[in-house]
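Throughout, read-outs are computed from the coordinates displayed, never taken from laboratory work. Keep in mind the model is a prediction, meaning the values are calculated, not measured. So basically every Cβ, Gly included, is an ideal-geometry build from the backbone, and we count neighbours across all protein chains shown.
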Amino acid sequence: MEDDDRTPETLRWLRDKRRAHRRRKSRDLAVVVYTLLLVVVGYGSGYAFHFMRRVELGADYSGLGADLQRALPALCTLITAALALAAARDALWRGPVVVPAPSVGWLLAQPVRREKVLRPWFRLSAGLAVVPGLLVAAGGAVALRVTGLASLGSALLALLPATLCLPLLAVSVGMAVERRAVLAARVRRFTPLAVLVLMLLAAQVVLAVRGHRSVLLERAELWSGPWGWAAQPVIAATGGAAPGWWIALAALVLLTAAGLLLGHRDAARVPTAQLRRRAATAQTVSSVMWTVELRAARLALLDATGSGRVHRARLPAPRSKYLVAVWRDALALLRSPGRLAKALMWTVCATAAAALGTELDGGRRDLCTVVALLLGYVAVGALAEPARLETDDVRRAAWSPFRLRTLMLQHTVVPAVTGALLALVAAVPFAVAGAPWALLLWPLCALPFAAAAVFAACRGPARTSLMFTGVSTPVGDPGVLIFLAWYAAGPLVTVGGLALALGAVPHRPDAAGVGGVAVVAALLTAGLLYFAARSANRLVRH
């Protein structure tokens, strides 16, 4: 290899060939940046002026500042853990080193040194990771200044180590997962546990805001790793107790430097076969995202990251042909408990939003109700994966003796029943706290959610033609809004209808109020199932 090293000549020839392409990409990037600047200036300048005006007039954010100061240790730990999990999961299909498919197929096959080809991509990923960190530092400094916790300069200096080192550490974590198959397998295995830890940290943040802090737990978090080391300078700048924060800062910087050195070394050791798979996955995801085929992108990611282990489970086969689809869906749910875990997680989040809404009033209570309903729809939608798999390729429905529209109606049974059971369990604490009506209202919401999920599965290919209507308005072409309304018609109608129905229910509803919500839920379910059947017929015809 050393005798036949053509790295300088090959890279020089490649730069010459790519010069025109890079000029065109630079022009396209300049247009995109110019458009984003216009949008930010046009729509954001008014809000920014209003915010700065309130600050100038002395708007009182002292209460918010006290809440933020109490939540800082747990909040920094939560953000860092979420960033590490996102970087590790991203490295399962992409990672910091993603070489374009032509370069993998041609350039790496030439007598060139791999480190000259691969390490620039790692350096590019590290450099790009710093940009959002700087933006977060600026925004966090303004937030600390507005809430009266620190001056702008001291807040910026305290935030810079965290917002620079943590993104670089995330890139290093991603590089380690991309390079080592053993770490990738562990990331897949322990992702559910990591999500559970994130939920516990989120609960700790909420409890800290409410004044229920655990000093011992916070001390352990502040010194147990980079998630706490990064938070200590900020806590010290805001007047909190962080003795020895400069030691934590030095440890954070040293760990970041070591991670970058290790990642830079590993960047040249990624196997070529793995680079080919990642390039193909990235190309597939980018191409389908341009056509707004989010389902295709999700399938490509699942295929690359692994959908989890299939557990062995058995159920007695039904005697009636009308229960075969229900039996298959229940068996699939038992063999893929990850979907049930996702539904449970989103149910817990919906319960937390609803619990927060009970302590508020007016518009904030209505907002919490909408958020809780939206999270509930996501929970039930996680259980409707068999319906989506059936409509990804309608030829899969050849096993069924029924038409596709009838099969889709049968696919609503398991999500509706399972979602109703989860909602019933989530409503028990509210019933104990003096709101027994939740035991009736919450399970009712699962029925239209299941119908909406099946309707979304039967929606068919994205109708991108709706984005361009040719109608001029003061805010531009409304085609994007029309497309979004078509794309999210199921959850929009369901969440909107149930929010209006629940909003009309008094704090302690009577039988008439519960009956009204039941009628609305029944009408929504029937209407969505009707349109799901029509959409299924359209899929078969096409």
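Rg and Dmax of the chain, based on Cα coordinates, read 26.6, 87 Å.
Here is how the number arises for the chain: DSSP H runs of 4 or more residues each give -39500 (n - 2.57), the sum is divided by the residue count, and the result at 222 nm is -25500 deg cm²/dmol.
Fewest to most neighbouring Cβ within 10 Å: what's the order for Tyr487, Tyr530?
Ascending Cβ contact count within 10 Å gives the list Tyr530, Tyr487.
Based on Cα contacts under 8 Å between residues 6+ apart, region 322-541 shows a relative contact order of 23 percent. Could you tell me the relative contact order of the chain? Use alpha-carbon pairs under 8 Å, at least six residues apart, and round to a whole percent. Result for the chain is 13 percent.
Normalised by the number of residues in region 412-497, the average gap of Cα pairs under 8 Å and 6 or more apart makes the relative contact order 26 percent. The alpha-carbon atoms of region 424-470, seen along their principal axes, cover 54, 22, 12 angstrom, with the largest extent given first.
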